[in-house]
Structures are given as structure tokens and as C-alpha cells.
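S.K.: The structure's right below; bear with me while I get my questions together.
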Amino acid sequence: MKLSLPRCSALATLAALTAHCAAAEPPQPKFRVQDIDTTVNIGYGIAIADVDGDKRPDIILADKNTIQWYQNPTWKKHIIAENLTPEDNVCVAAQDIDGDGKCEIAVGAGWNPSETTDTAKSGAVFYLIAPKDRTQKWEAVRLHHEPTVHRMHWVMSPKGAWELIVKPLHGRGNKNNAGEGSKVYAYTMPANPRDPWTLSLVSDFTHASHNFQPINWDNDPEHELITGSKEGIFWFGRSSGAWKKRQISDQWTGEVRDGKLPGGTRFLATIEPMHGGVSAVYTDPANTRSLWPRLVLDDTLKDGHAVVVADFLHVGSDQIAVGWRAMNPKGAPGARLFTPLDNDGKQWRKTDLSGPEVAIEDMKGADLNGDGRVDLVLAGRATKNLRILWNETGK
């Protein structure tokens, strides 16, 4: 006997099946390439913020011996600092910290990772004071530093003010990624930024700690942190003014960023170990005291060096972009997008975004043209270029 569904039930079933298929098959990414600089020396670090107050995000680059910004939408380059130290620049952080619509900029320099003891020969931190014309040279104010300064971020404090958190790669006197832990400090700016800044210790136990990210998982005004190191991934948050930690993974992690799966579960995307060949994803377990379950997405990267997590496909959840530079081991560099195909992050689609034309040293995501799509900015080291991948998914 042939059974038939009532029309309303049939329509409801068809709608449910259609919704399931749509959720299971996100759109394919589509990006358009534009090189905005083909004379980059190294392109150590990218920041994206509004420099000139025109409400459009500009691109700031820490290059080998210069700090420069590229003016949206013409992408004209303005060099605002150069030769801050005999060694290379290594990182940059940009954020509007005083609410005037124009970002402030801090720089990490003195890049000499093999020198972990001598502060005169390794490490430097500068706060740049902008002139009235922000296309001209900015004043560099030297702040406290530890050797091997490597990454920095502006972070919102419990008092509602922005602090600069600076993380060295190694601790003082480290050899072979062992010895004293790296001292991560939060810098609080005084009323006059030329005066000494107040320091407070965030962490002092990690080794070979390559990168970290400000997060806000509890929706209060202040930021927490996630950081990757030889010891694994750690969450840091403040309680009664003191920093507390919780371990998330025991895998040596170089890069780490957070996002949300289609089902709403939080995840972390990594490159493992430092400069490693593995891209992995961790999902938040129900028991927050447990280490998070790990899934390897790819183990073919060569010298992985950047992760960006964002909703590139405009589907209401996040995807993972990873980039590698292929310096050691030698090979072909590239960038790749991983898209979750189910609610729980068990199945992922892999799509190549870029190939040997960009040896990715750093990579950042932002909506650069206000069309609601997250674009990608790639800095190439061996390839000496700064490239925008314009997101045209769905067009």
C-alpha cells in the first residue's frame, strides 16, 4: 500500500531537508587578488585599524626596518617610523584607545631571537606618538622590554582602559626552548605617554610562546587571553586584579585563534608546533576543567605561520584560514580555508586560497570595503608582497 503525507507535512519535511542541505553545504569561497605593495622586505606583522579617522580600516605593516600604513582605498604607503633599532621590527598593534576615531600604534622591534639575555642586543618596545599629519613620521617613545619581544596586542582592562600586552618568544637566558619562562607584561599608559608606563605581570612560565589573542568569552567589558606555547594552550583571565590561568591543550602550539561552529560551540584553531606542519581544531567540552578534544585538519603545511578565524562565507558561523611560508622546511607556501560541514565540527571542507605567490609571514582578516564580507590581507616574506584577497563570495 502506498502511503502519502498530508500536504502540510510534506511541505514541512521538504523545508527541513532543504534547510539541512543548505547548512551542510556552505557556499564555495570566492576571492579576488590585489597586490598593494610588491617591495616588502619581510612583512613581519600586520595590524588593521583606522589611522586617519575617515571611518575606513587602513593596513599597518611592521616591515624589516620601517613601520608603514596603507591608506584605504588608494592604498598609498606612508612610512611613519624607520630604523628604530639596529635589528628588525617584529610586530605591531593598533587600536583607537582614546575614542577619537584614530588608532594608536605600538611596535615591537630589536628582533634577535638567539640572544635571550642581553637587553641591549635583543628586544624593544615603542609607543608611537602621532603628529597632526599622520602621514608624516611619528615620535617613537621607548618602553620597558624583555629580550626576544615577539607579539603584542591592545587589551581592554577591568577598569575600562586599554593596556598593551607584550609577549617575548623566550624567557631570559633560554637555550633550546628551556630555562626561565618568558615574562609577559601588561603596560598601562600614564597621562603623558612619554612618562614611565606601569607594568603588571601576566605570565612567567611558558617557553617558545609564539602567539596569543585577546578574547572575550564572558561578555564583560574586559578581555581575557588565549596563548600558545611549548606547554600547550592556556586561557588567562583576571580575578580580583590578578591573572589566573587554565590549560586547554598540552600540544605545543604556535598559532591560536578562536571561533564558533555552526551549532554554536566554541572552538580554537591552531598551527602546531611553532612553525609547524599541523593545523588542528579544538572544541569546547562540557567539562570546562578538561583538556579540549583535538581534531587534526591538515598535516601537510610547511612552516605554518598564521591563522585567521572569521565568517568569510557569511553563514553565521566561522571558518579557519591558515597560512604557511615554507622557509623551513623548504617547499611551496600557501593559504587554505577550512569550512565546517556539520554543527559539531567533525567534518571540514578544505579549499586552497593562495599558492607560492605569497610566502605568508602574517595574515589578518577585516571588511576593508564595507560590503559586509571579511577580506584577507597577506604579507609575503620570501615573495616580498602585501596582498589583499577581496572576498567576493556569493557575488
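The values are calculated or read from the model by the stated rules, or taken from the named source; none is laboratory data. Computed from a prediction, not measured in an experiment: that's the story for all the values here. Don't worry about glycine lacking a Cβ; one is built from the backbone with ideal geometry, like all the others, and counts go over all protein chains shown. All accessible areas refer to the heavy atoms of the entire protein, side chains included, with ligands and DNA or RNA removed. Shrake-Rupley method; radii C 1.70, N 1.55, O 1.52, S 1.80 Å.
S.K.: Describe numerically, in nm with one decimal, the distance between label points set 7 Å from Cα along Cα→Cβ at Thr393 and at Thr38.
M.R.: 2.9 nm
S.K.: Now for a different question. What FRET efficiency do you get for Arg349 and Asp371 if R0 is 25 Å and r is their Cβ-Cβ distance, rounded to the nearest 0.05?
M.R.: Efficiency, rounded to the nearest 0.05: 0.60.
S.K.: Who wins for biggest fluctuation among Pro57, Pro356, Pro73 in a Gaussian network model of the chain, springs between alpha carbons below 10 Å?
M.R.: Residue with maximal mean-square fluctuation among Pro57, Pro356, Pro73: Pro73.
S.K.: While we're looking at this one, here's another question. Determine the share of the chain's accessible area contributed by carbon and sulfur atoms, expressed in whole percent, with a 1.4 angstrom probe.
M.R.: Carbon with sulfur: 50 percent of the solvent-accessible area.
S.K.: Using a ≥ b ≥ c from the Cα gyration tensor of region 296-395 (square roots of the eigenvalues), is it rounded, prolate or oblate, where a/c under 1.5 gives rounded and otherwise the larger of a/b and b/c decides, a/b for prolate?
M.R.: Oblate is the answer for region 296-395, as a/c is 1.5 or above yet b/c matches or exceeds a/b.
S.K.: For the pairs Lys30/Lys230; Lys64/Lys137; Lys77/Lys350, note any where the Cα-Cα span goes beyond 27 Å.
M.R.: Violating the 27 Å Cα-Cα cut-off are Lys30/Lys230; Lys77/Lys350.
S.K.: Among the lysines, select those whose C-alpha is under 30 Å from the C-alpha of Lys159, and discard any that sit fewer than 8 residues away in the same chain.
M.R.: Lys55, Lys102, Lys132, Lys167, Lys183, Lys244, Lys245, Lys260, Lys364
S.K.: Would you calculate a helix-derived [θ] at 222 nm for the chain, using -39,500 (n - 2.57) for each DSSP H run of n ≥ 4 and dividing by the full residue count, to the nearest 500?
M.R.: Here the helix-only value at 222 nm equals -1500 deg cm²/dmol.
S.K.: Here's a follow-up. Rounded to the nearest whole Å², what accessible area per residue is found for region 243-395 with the 1.4 Å probe?
M.R.: Value returned for region 243-395: 39 Å² of accessible area per residue.
S.K.: What net charge do the residues around Phe234 carry, taking every other residue with its C-beta under 11 Å from that of Phe234, with Lys and Arg at +1 and Asp and Glu at -1?
M.R.: For residues surrounding Phe234, the net value is 0.
S.K.: Springs between alpha-carbon atoms under 10 Å, Gaussian network over the chain: tell me which of Ala109, Ala326, Ala178 tops the mean-square fluctuations.
M.R.: Its mean-square fluctuation being the largest, the pick is Ala178.
S.K.: How tilted is helix 7-24 with respect to the longest principal axis of the chain? Cα atoms for both, answer in degrees (0 to 90, nearest 10).
M.R.: In the chain, helix 7-24 runs at an angle near 30 degrees to the longest axis.
S.K.: Here is a follow-up. Between Leu268, Leu143, Leu169, where does the largest GNM mean-square fluctuation fall for the chain, given springs only between Cα atoms within less than 10 Å?
M.R.: Leu143
S.K.: Give, rounded to the nearest 20 debye, the magnitude of the charge dipole that the chain has about its Cα centre when Lys and Arg contribute +1 at Cβ and Asp and Glu contribute -1 at Cβ.
M.R.: Roughly 680 debye for the chain.
S.K.: Once amide H atoms are built 1.01 Å from N in the peptide plane, which residues 5 or more positions from Asp362, or in another chain, come under 5 Å H to H?
M.R.: For Asp362, whose amide H was placed from the backbone, the distant partners under 5 Å are Ala379.
S.K.: Can you figure out the FRET efficiency of Ser240 with Ile97, using R₀ = 25 Å and their beta-carbon distance, to the nearest 0.05?
M.R.: Efficiency, rounded to the nearest 0.05: 0.55.
S.K.: Okay, next question. Can you give me the P(r) profile for the chain? Cα pairs, bins 20 angstrom wide beginning at 0, each as a whole percent.
M.R.: Per 20 Å bin, starting at 0, the Cα pair percentages come out as 27, 59, 12, 2, 0.
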